[in-house]
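Here's the structure, in structure tokens; my notes come after.
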Amino acid sequence: MFAALSEALTGLMLFLAPSHVSGLLLGTDLTGAGVIVARVAGIALIGLSAACLPGPTSLGMLVYGLLVTPYLVWLGLTLPTPGVLLWPVVIFHAGVTIALASAVWRRRALPRQSE
């Protein structure tokens, strides 16, 4: 539990202040695409920490998808010239997130069988 929470905190800090965290960890600031990649890595750490909590491990990928999809949409809307694969990646992540949410929802809705 401690490891999961510390990774979640690291991920949150990496998302909120990627250049500062990079300076503390690596002794150098981030610029340009490095900031974007660091934020996605922060989101991935949050998803990893969710996967380590009790419950279905698919929850980690669901958390990742729920966080990274809107971030990528925001990038697509605010970057002056997003790359050609950004919107296909947004669509992919949105689809995977919907599928995972559906699977988690169905799993929770199933009645528990007694042994």
Positions within the range 1-23 being open to solvent by less than 70 Å² (accessible area, probe 1.4 Å) and either among the β-branched types (Val, Ile, Thr) or outside any helix (DSSP H, G or I) (or both), in sequence order: THR10, ALA17, VAL21
Selection status of PRO54, in a loop (DSSP other than H, G, I, E, B) and surrounded by 13 or more Cβ atoms within 10 Å (Cβ to Cβ): no
Top-ranked residue of the range 63-115 - restricted to ones that are polar (S, T, N, Q) and assigned to a loop (DSSP other than H, G, I, E, B), ranked as modelled with the highest pLDDT: THR81
Residues of the range 29-45 that turn out to be open to solvent by 70 Å² or more (accessible area, probe 1.4 Å) and part of a loop (DSSP other than H, G, I, E, B), as a count: 2
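The values are calculated or read from the model by the stated rules, or taken from the named source; none is laboratory data. Owing to the predicted nature of the structure, the values given are computational and were not obtained by experimental measurement. With ideal geometry, Cβ positions are generated from the backbone for all residues, glycine too; neighbour counts draw on all protein chains shown. Keep in mind that these areas ignore ligands, DNA and RNA; they rest on the heavy atoms of the full protein, side chains included. Shrake-Rupley method; radii C 1.70, N 1.55, O 1.52, S 1.80 Å.
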